[in-house]
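Notes follow the structure.
All of the numbers you see were taken from the coordinates with simple rules; none came from a lab. Quick caveat, the model's predicted, so the values are computed rather than measured. Backbone-built Cβ (ideal geometry, glycine too); neighbour counts: all protein chains shown.
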Amino acid sequence: MHNGIHLVWFKRDLRVNDHPPLRQASQAGKVLPLYVWETDFWQQADSDSQHAAFISESLTDLAHQLRQLGCELQQAQGDMIALLDQLHQQ
């Protein structure tokens, strides 16, 4: 077993069941589940409010499922690389 916190970045696969990275992280230790509202993605021409609403609903369901597993879904907004740098510094 590894010590530390294992980040699981939820990007497109917003489910708990049959999620290999989540399973591997939970077997290795404490899990930090994260969804990032990536600024660049939401500035694209094909992004719209219906898509954002669907993702928001999916994240609500994901957060509920993760809570049942003892994890709290964290959400952030911005550039993923910058956020990873911040997390690493913390």
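Taking the Cβ of Val8 as the center, what net charge do the other residues with Cβ under 15 Å away carry, scoring Lys and Arg +1 and Asp and Glu -1?
Net of charged neighbours comes to +3.
Only one of the listed values, (1) 57; (2) 51; (3) 60, was derived from the coordinates as percent of Cα pairs over 16 Å apart; which label is it? Only one listed value fits the structure, namely (1).
Calculated mean residue ellipticity, 222 nm, the chain: -14500 deg cm²/dmol, from DSSP H runs (n ≥ 4) at -39500 (n - 2.57) each, averaged per residue and rounded to 500. Distance between the 7 Å Cα→Cβ label points at Ala82 and Ala28: 2.7 nm. Less than 5 angstrom separates the built amide H of Val31 from those of His6, all sequence-distant by 5 or more or on a different chain. As a length-normalised measure over Cα pairs under 8 Å and 6 or more apart, the relative contact order of the chain settles at 33 percent.
Only sites in a loop by DSSP and with at most 14 other Cβ atoms within 10 Å count here; which trypsin sites (Lys or Arg not before Pro) in the range 1-38 make the cut? Before the final figure, lay out each step's value.
Values: sites: Lys11, Arg12, Arg15, Arg23, Lys30; in loops: Lys11, Arg12, Arg15.
Listed in order of number, the matching sites are Lys11, Arg12, Arg15.
Derived scalar couplings between HN and Hα for the range 48-64 equal 9, 5, 5, 5, 4, 5, 4, 5, 4, 5, 5, 5, 4, 5, 4, 4, 4 Hz in order, rounded to whole Hz, by the Karplus curve 6.51 cos²θ - 1.76 cosθ + 1.60 (θ = phi - 60°), x for Gly and Pro. The distance between label points at Trp37 and Leu59 comes to 0.5 nm (points 7 Å beyond Cα on the Cα→Cβ vector). Applied to the range 78-88, the Karplus parametrisation 6.51 cos²θ - 1.76 cosθ + 1.60 on θ = phi - 60° returns per-residue 3J(HN,Hα) values of x, 8, 4, 4, 5, 5, 5, 4, 4, 5, 4 Hz, with x for Gly and Pro.
The length gained on full extension between Arg15 and Ser49, counted as 0.36 nm times the residue separation minus their Cα-Cα distance, comes to 10.1 nm.
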